[in-house]
Amino acid sequence: MDSLILHEDPRSGNCYKIRLTAALLGLPLERRGYDILQGETRTPEFLANVNPNGRIPVLQIGDRFLPESNAACWYLATGSALIPADRLDQANVLRWMFFEQYNHEPNIATLRFWLHFVGEANLSRQQQSQVMAKRFAGEDALALMDAHLAGREWFVGDAPTLADIVLYAYTHVAEAGGFRLADRAHVMAWLARVAALPGYVTME
């Protein structure tokens, strides 16, 4: 089997979801850290050798490089129970993974980064003008998740899948972006279930 190297910033939920997927599957994963706040993914060396898009995470598989967090998770989970055998269930896993990248991450993760790491006082005028819209959109995403989890334990089927893993990453730290998780009882119960999975690792 090819060696697996995760090029990451450990503060990133997108990086964490790959690490969590690997941990739940018992896959060894070497880690190489970068500080995105210091521009370490924008250096000529990184752009030439790791990802010309200048972003992390990137999963290195032997001498091949796979950017995009959800693609990396899918690669790791292929052939495991985290991707169900049923075709419709597979499609629904992808549905929630797309939801995470389009509706969830751009709002919940962005506010966490802006408010917790950059600092509200350091935001540009353009960023400040987007805060309220991102808060509303993030609350809508959490409300939809909470409604979906009413009466069910997992997002797809009767067992944890990649849908749960990718949504967990930024949801469980959403309060750092000003979101109140205590108001979402079904989401809170689901977060506890994910954290109880064998092999679970925490975010750093």
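Reported to the nearest whole Å, the Cα centre-to-centre distance from region 55-102 to region 114-188 is 20. Taking amide hydrogens as placed 1.01 Å from N in the peptide plane, the amide H of Arg11 sits under 5 Å from that of no residue at least 5 positions away in sequence or on another chain. Only the Cβ atoms of Lys and Arg (+1) and of Asp and Glu (-1) were treated as charged; on that basis the dipole of region 1-91 about its Cα centre amounts to roughly 120 debye.
For region 102-204, pairs of C-alpha atoms spaced more than 24 angstrom apart make up 25 percent of the total. With every protein chain in place and a 1.4 angstrom probe, the accessible-area ranking of Met97, Met188, Met203, Met1, largest first, reads Met1, Met188, Met203, Met97. Contact order, relative form, for the chain: 26 percent (alpha carbon pairs under 8 Å, 6 or more residues apart, mean separation divided by residue count). For the pair Glu153 and Thr202, a Förster radius of 22 Å applied to the C-beta separation gives a FRET efficiency near 0.55, rounded to the nearest 0.05. From the square roots a ≥ b ≥ c of the eigenvalues of the alpha-carbon gyration tensor of the chain, which class results: rounded (a/c under 1.5), prolate (a/b over b/c), or oblate? Taking the square roots of the gyration eigenvalues as a ≥ b ≥ c, the chain is oblate. Applying a DSSP loop filter and a limit of 14 other Cβ atoms within 10 Å to the chymotrypsin sites (Phe, Trp or Tyr not before Pro) in region 100-204 leaves Tyr200.
Comparing Asn103, Asn70, Asn122 in a Gaussian network model of the chain (Cα springs below 10 Å), the most mobile by mean-square fluctuation is Asn122. Between His186 and Arg95, the simple label model (points 7 Å from Cα in the Cβ direction) yields a spacing of 1.4 nm. Once backbone amide H atoms are built at 1.01 Å from N, Leu66 has Leu59, Gln60, Ile61 as its partners under 5 Å, excluding neighbours fewer than 5 places away on the same chain.
Spin-label model, Leu27 to Ala48: label points 7 Å out along the Cα-to-beta-carbon direction sit 3.0 nm apart.
Per residue, the accessible area of the chain comes to 50 Å² when a 1.4 Å probe rolls over the protein heavy atoms. Per-residue Karplus couplings for region 25-31, computed as 6.51 cos²θ - 1.76 cosθ + 1.60 with θ equal to phi - 60°, are listed in order as 8, x, 9, x, 9, 7, 10 Hz, Gly and Pro entered as x.
Estimated from the Cβ-Cβ distance and a Förster radius of 25 angstrom, the FRET efficiency linking Phe65 and Val118 is about 0.35.
Nonpolar atom fraction for the chain, defined as the carbon and sulfur part of the 1.4 Å probe accessible area, stands at 52 percent. Accessible surface of Arg31, taken over heavy atoms with a 1.4 Å probe and every protein chain present, rounds to 90 Å². One way to sum up the overall shape of region 158-204 is the equivalent ellipsoid from its Cα gyration tensor, whose semi-axes run 18, 13, 9 Å, largest first.
The values are calculated or read from the model by the stated rules, or taken from the named source; none is laboratory data. These numbers come from a predicted model, not from an experiment. FYI the Cβ positions are ideal-geometry reconstructions off the backbone, even for glycines, and counts take in every protein chain you see. Keep in mind that these areas ignore ligands, DNA and RNA; they rest on the heavy atoms of the full protein, side chains included. Shrake-Rupley method; radii C 1.70, N 1.55, O 1.52, S 1.80 Å.
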